[in-house]
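Let me begin by presenting the structure, written as structure tokens, before commenting on it.
The values are calculated or read from the model by the stated rules, or taken from the named source; none is laboratory data. Since the model is a prediction, treat every value here as computed from it, not as a measurement. Glycine also receives a Cβ, built like all others from the backbone with ideal geometry; neighbour counts cover every protein chain displayed.
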Amino acid sequence: MSGGTIDLEQKQREEARWRILRVLDAGRPIAVSENIVWRVLHDIRLPMSASTVRREIDYLRNLGLVEVEGEDTETWFAKLTAHGVDVVEYTLTAPAGVARPRKYW
């Protein structure tokens, strides 16, 4: 694999993580199913497998931005932590690995 391909894949993952946070924010305060997250990413042309969506949700959980419910079931549900809400609302700096757009207002 060339360096350009790796960079593109990383950028897509970082973009997907931001979009996942936005989907979870739209669902607040209810936890959102990973299937809905997958569908939104697919619809905005960020196609990912279900296992990749789960991997990125887990990454966001490890950053303390997301809580996961139903880990022992077939479908995960995720919701933002207070820290995750602050990142989405631009109150806190986005961590490395999350491609949050620059605030323009």
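Inclusion of residue 31 among residues that are touching a Phe, Trp or Tyr at 6+ places or on another chain (Cβ under 9 Å) and loosely packed, with under 15 Cβ neighbours inside 10 Å is not warranted.
Scanning the stretch 17-28 for residues that are free of Cβ contacts under 8 Å to residues at least 40 places away in the same chain and surrounded by fewer than 15 Cβ atoms within 10 Å (Cβ to Cβ) yields a single hit, 26. Identify all residues within the stretch 49-70 that are without any contact (Cβ under 8 Å) to a residue 40 or more places away in the chain, part of a loop (DSSP other than H, G, I, E, B) and under 14 Å from the mean Cα position of the chain (by Cα); write none if there are none. Across the stretch 49-70, the qualifying residues are 49, 63, 64. Among the residues of this structure, residue 59 does not count as one that is out of contact with any Leu (no Cβ under 8 Å at 6 or more places or on another chain), surrounded by fewer than 16 Cβ atoms within 10 Å (Cβ to Cβ) and aromatic (Phe, Trp, Tyr).
When the stretch 29-38 is examined, which residues are found to be among the hydrophobic types (A, V, I, L, M, F, W, C) and either part of a helix (DSSP H, G or I) or free of Cβ contacts under 8 Å to residues at least 24 places away in the same chain (or both)? So that I can check it myself, show each step before the final result.
Looking only at the stretch 29-38, we keep the residues that are among the hydrophobic types (A, V, I, L, M, F, W, C), and these are 30-32, 36-38.
Answer for the stretch 29-38, where residues must be among the hydrophobic types (A, V, I, L, M, F, W, C) and either part of a helix (DSSP H, G or I) or free of Cβ contacts under 8 Å to residues at least 24 places away in the same chain (or both): 36, 37, 38.
If the condition is being crowded, with 16+ Cβ neighbours inside 10 Å, part of a loop (DSSP other than H, G, I, E, B) and out of contact with any strand residue (DSSP E or B) (no Cβ under 9 Å at 6 or more places or on another chain), then the stretch 71-98 contributes 94, 98.
Residues are listed down the side, and each one gets a yes or a no for (1) within 11 Å of the chain's Cα centre (by Cα); (2) not β-branched (Val, Ile, Thr):
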| residue | (1), (2) |
| --- | --- |
| 11 | no, yes |
| 14 | yes, yes |
| 34 | yes, yes |
| 37 | yes, no |
| 43 | no, yes |
| 72 | no, yes |
| 92 | no, yes |
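One residue alone among 41, 46 is of a type in the set (A, V, I, L, M), outside any helix (DSSP H, G or I) and either touching a residue at least 24 places away in the same chain (Cβ under 8 Å) or closer than 19 Å to residue 100 by Cβ (or both), and that residue is 46. In this structure, residue 46 does satisfy being surrounded by 13 or more Cβ atoms within 10 Å (Cβ to Cβ) and at pLDDT below 95.
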